[in-house]
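This report refers to the structure that appears directly beneath it.
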Amino acid sequence: MSECIFCKIVAGKIPSRKVYEDDDMFAFHDINPQAPVHFMIVPKRHVDSLAAVGDPDVPVLGRMMAKAGRLAAEQGLTDGFRTIVNTGRVGRQDVYHLHIHILGGKEPLGRMMPSDGS
Ligand code: 5GP
Ligand code: ZN
């Protein structure tokens, strides 16, 4: 089986705190949350990153985006949230299985990009 950690999570080989699952996507809480609520939505079919998306992935990506707001609301994020898709070396992607981060909490998050670039 794939060595990809998110493929293993999707397959249930590595435990996770599941938020949602259907035929095409899997959502689970981040193990190292960067906000009071922080979960990710991933396609079940392995795609390395947003830079590697092809035409066959388009419908699933659309459904993932459409699901994001509903899942956020179910997690209590009724007053907004942030989505992040880190891509490649410059985007500081750590796990090379495409994922949408969804972050939020009761209070507004910090700036999207720290001005000192850290
Ligand atoms: P990236 O930097 O690639 O955008 O984000 C990868 C995310 O995956 C990180 O926020 C990291 O905390 C999370 N992560 C890495 N390994 C695991 C794991 O085994 N389980 C869960 N739930 N999250 C993980
Ligand atoms: Zn994978």
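A short reminder: the numbers here are calculations on the coordinates, not readings from a lab. Keep in mind that this is a model prediction, so the values were computed, not measured. Neighbour counts are summed over all protein chains in view; Cβ atoms, including those assigned to glycine, are modelled from backbone coordinates with ideal geometry.
Residues in segment 35-60 that are under 23 Å from Glu74 (Cβ atoms), more than 13 Å from ligand 2 (Cβ to nearest atom) and surrounded by 13 or more Cβ atoms within 10 Å (Cβ to Cβ): 7 in all. One residue alone among Leu77, Leu103 is away from ligand 1 (no atom under 16 Å from the Cβ) and surrounded by 13 or more Cβ atoms within 10 Å (Cβ to Cβ), and that residue is Leu77. On the given criteria, is Thr83 touching a helix residue (DSSP H, G or I) at 6+ places or on another chain (Cβ under 9 Å), away from ligand 2 (no atom under 15 Å from the Cβ) and either in a loop (DSSP other than H, G, I, E, B) or among the charged types (D, E, K, R) (or both)? No; evaluated as a whole, the condition is false for this residue.
The set of residues from segment 1-34 being part of a loop (DSSP other than H, G, I, E, B) and under 17 Å from Asp94 (Cβ atoms) comprises Ser2, Glu3, Cys4, Ile14, Ser16, Asp30, Ile31, Asn32, Pro33, Gln34. The number of residues in segment 35-64 being in a helix (DSSP H, G or I) and out of contact with any Ser or Thr (no Cβ under 8 Å at 6 or more places or on another chain) comes to 11.
Screening Met65 on (1) crowded, with 17+ Cβ neighbours inside 10 Å; (2) within 28 Å of Met113 (Cβ to Cβ); (3) touching a strand residue (DSSP E or B) at 6+ places or on another chain (Cβ under 8 Å) shows it passes everything except condition (1).
Looking across segment 1-45, the residues that are β-branched (Val, Ile, Thr) and within 8 Å of ligand 1 (Cβ to nearest atom) come down to Ile5, Ile9, Ile14, Ile31.
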